[in-house]
Amino acid sequence: MRVRPLHDWDLPPEEAAALQRELRAQLILTWDDPPIRTIAGVDVGIREERGRCAIVVLSYPALEVLSSLVIEERVTYPYIPGLLTFREGPLILKAWERLTLLPDVVMFDGQGIAHPRGMGIAAHMGLWLEKPTLGVAKSRLWGEHAPVGEALGDLSWLYEKESGATIGAAVRTRPGTRPVYVSPGHRMDLPHAIELTLATCRGYRLPEPLRLAHRLTQPGEQFPLF
DNA sequence: GCGACAG
DNA sequence: ATCTTGTCGC
């Protein structure tokens with residue numbers, strides 16, 4: 001799919017952070033109730049500056065794989081907490097260009113607005129892709145929360161200590177494992193982000209879109225998945 | 001200065 | 001994320 005360029009990616013850390021603060025005003029944090037027939041999972045794996053991005057599109061709510069793709073490219077921007085998008089974003093866009101089936105919702109491996117400047121990878125990419133997005137991270141970056149209940153579906157709100165604003169939720173997607181951190185990206189609200197996360201879990205800690213995309217980024221894995 | 005810190 | 005083997009537990 002084609003996207004309209006919003007800005008350069010090769011920005012020094014300070015400028016990258018300033019850009020994130022500017023982009024925050026463009027986020028739409030409401031759900032306008034579009035029909036959901038497909039949902040995509042996006043993940044990136046990098047080893048020795050060799051990045052591999054995988055996108056898997058599943059039907060919803062059946063969760064059958066409709067298409068998948070993997071692309072590789074050199075990645076040089078360093079990993080800096082809070083600036084993950086500047087490392088993985090360019091590669092994700094390259095993969096997105098190869099996509100022929102436009103998903104209704106896109107799930108990312110990382111934060112949405114649960115980020116120091118409200119612009120985690122799911123929020124940022126949502127602006128580029130102009131699609132509803134949500135972030136499902138394996139660990140916390142920003143925000144505080146009370147302990148999470150042990151049952152599937154139990155959750156604790158993630159809130160920003162200073163403002164008191166609720167920015168996401170720590171969700172138990174599988175008993176006996178650590179919760180995942182869910183937050184809306186763009187054109188999304190928290191209730192729907194949580195609902196989509198739980199509705200796409202199939203017995204594993206990670207929801208299917210991300211679990212499958214992650215598998216494809218691992219060395220030796222083959223695609224397509226169907 | 002110290003601790004925190006998505007992937 | 002990646003580096004890495006075995007191992008504890010259901």
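Candidates A:GLY82, A:GLY112: the one that is part of a loop (DSSP other than H, G, I, E, B), surrounded by fewer than 19 Cβ atoms within 10 Å (Cβ to Cβ) and touching a residue at least 24 places away in the same chain (Cβ under 8 Å) is A:GLY82.
For the range A:35-48, filtered to residues that are surrounded by fewer than 24 Cβ atoms within 10 Å (Cβ to Cβ) and away from DNA strand B (no atom under 11 Å from the Cβ), the residue that is farthest from A:ARG87 (Cα to Cα) is A:PRO35. Across the range A:57-79, the qualifying residues are those that are in contact (Cβ under 8 Å) with a residue 24 or more places away in the chain, in contact with a Lys or Arg (Cβ under 9 Å, 6 or more places away or on another chain) and over 23 Å from A:HIS7 (Cα atoms), and the one among them that is surrounded by the most Cβ atoms within 10 Å (Cβ to Cβ) is A:TYR60. Under the condition of being of a type in the set (A, V, I, L, M, F, W, C), within 16 Å of DNA strand C (Cβ to nearest atom) and farther than 16 Å from A:GLY220 by Cα, the residues counted in the range A:27-54 number 1.
With respect to the conditions (1) surrounded by 16 or more Cβ atoms within 10 Å (Cβ to Cβ); (2) free of Cβ contacts under 8 Å to residues at least 24 places away in the same chain; (3) not in a helix (DSSP H, G or I), A:LEU19 lacks only one, and its number is (3).
The residues of the range A:120-138 that are in a loop (DSSP other than H, G, I, E, B) and either farther than 16 Å from A:VAL182 by Cβ or more than 7 Å from DNA strand B (Cβ to nearest atom) (or both), listed by number, are A:GLU130, A:LYS131, A:PRO132.
No value in this document is a laboratory result; all are computed from the given coordinates. All values derive from a computational prediction rather than experimental measurement. Cβ sites come from the backbone with ideal geometry, for glycine too, and all protein chains shown count toward neighbours.
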